[in-house]
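See below for the structure under consideration.
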Amino acid sequence: MRIPMIAGNWKMNTTVTEAVALVKEMRPELDRIDNVDKVICPPFVSLAAVKELLTRSSIKLGAQNLYFEEKGAYTGEISPLMLAGLCQLVIIGHSERRQYFKETVETVDKKIKAAFKVGLKPILCVGETPKENETGKTKEVLSKQLSLTSSQAYNPGGLTLAYEPIWAIGTGRAASGEQANQTIAFIRQHISKQYGQEIAQAVRILYGGSVTAANIAEFINQPEIDGALVGGASLKASEFLSIVKQTSSFKRAK
Ligand code: PEP
């Protein structure tokens, strides 16, 4: 039984003051919702303040990235050791990192390993560009993005995957539930071929790309989809709460 997850990726939005206000607004109601792993991923500079606000809360905290070295002359980077005491999860390989900061399959893999080493649970993002989609390369691209991840990454409670087609991120043009379900089923089959059916059935795979309160039902209704990575809509308390609530009640009704 895979517990659903809704993770909010705040990206490069909110000052510390704004982040604190948003958490204060969401926490009481979010805490009342069970049956779903609730995760928020504010910018690095707000993690410490938000951690304080989440004392004795069921809401989990995640970072949006890390560097794979533990320490040293890497000006401006944030190490896994720095994050280990602050949060429980970390988004790795988001398409914006791959696209704007030239992250590769190899650097993403190093980051996954570095996160596990300090006990951080990665949310690994994979997904194809519009061109790759149009030219029928989606499966090839996803297979490559998943090629280096080791079997240990899939130990119970370890890695969460997020399938995020780049053409759907921040565009308001979400995939259809059926489309997303088919591609996530392919990802599960791919993992099954690599590591076996048991591991493939246990891994959580989220959908991400223009998820809102108005369309979340379409995704969580699908058998292969275990929740969502939410960008824009996670910055509005009422939207995010509604997404989490709908996920909780659908999975309970099942
Ligand atoms: C994301 O940032 O991972 C994302 C899916 O963004 P949005 O929901 O805004 O498309």
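In the set Val141, Val105, Val126, only one residue is within 14 Å of the ligand (Cβ to nearest atom) and β-branched (Val, Ile, Thr); that residue is Val126. Out of the residues in region 209-250 that are touching a Phe, Trp or Tyr at 6+ places or on another chain (Cβ under 6 Å) and within 11 Å of Pro4 (Cα to Cα), state the one that is surrounded by the fewest Cβ atoms within 10 Å (Cβ to Cβ). Top of the filtered list is Ile225. Please verify whether Gly170 is farther than 18 Å from Arg2 by Cα, touching a helix residue (DSSP H, G or I) at 6+ places or on another chain (Cβ under 9 Å) and within 16 Å of the ligand (Cβ to nearest atom), treating the condition exactly as stated. For Gly170, the condition - farther than 18 Å from Arg2 by Cα, touching a helix residue (DSSP H, G or I) at 6+ places or on another chain (Cβ under 9 Å) and within 16 Å of the ligand (Cβ to nearest atom) - is met. In region 231-251, the residues that are over 17 Å from Gly208 (Cα atoms) form Cβ pairs under 8 Å with partners that are part of a helix (DSSP H, G or I), at six or more places apart or across chains, as follows: Ala237/Leu22; Ala237/Glu25; Ala237/Met26; Phe250/Ala217; Phe250/Ile220; Lys251/Ile220.
When we screen Ala175, Ala114 for residues that are in contact with a Pro (Cβ under 9 Å, 6 or more places away or on another chain) and under 19 Å from Arg204 (Cα atoms), the only hit is Ala175.
Applying the criterion of being open to solvent by 70 Å² or more (accessible area, probe 1.4 Å) and part of a loop (DSSP other than H, G, I, E, B) to the residues of region 1-58, the residue that is nearest to the ligand (Cβ to nearest atom) is Met12.
State all residues of region 144-167 that are open to solvent by less than 30 Å² (accessible area, probe 1.4 Å), more than 13 Å from the ligand (Cβ to nearest atom) and in a helix (DSSP H, G or I); if no residue qualifies, say none. Gln145, Ala153, Tyr154 - these are the residues of region 144-167 that are open to solvent by less than 30 Å² (accessible area, probe 1.4 Å), more than 13 Å from the ligand (Cβ to nearest atom) and in a helix (DSSP H, G or I).
The values are calculated or read from the model by the stated rules, or taken from the named source; none is laboratory data. Computed from a prediction, not measured in an experiment: that's the story for all the values here. Don't worry about glycine lacking a Cβ; one is built from the backbone with ideal geometry, like all the others, and counts go over all protein chains shown. Side chains are part of the model used for accessible areas, which takes the heavy atoms of the whole protein and leaves out ligands, DNA and RNA. Shrake-Rupley method; radii C 1.70, N 1.55, O 1.52, S 1.80 Å.
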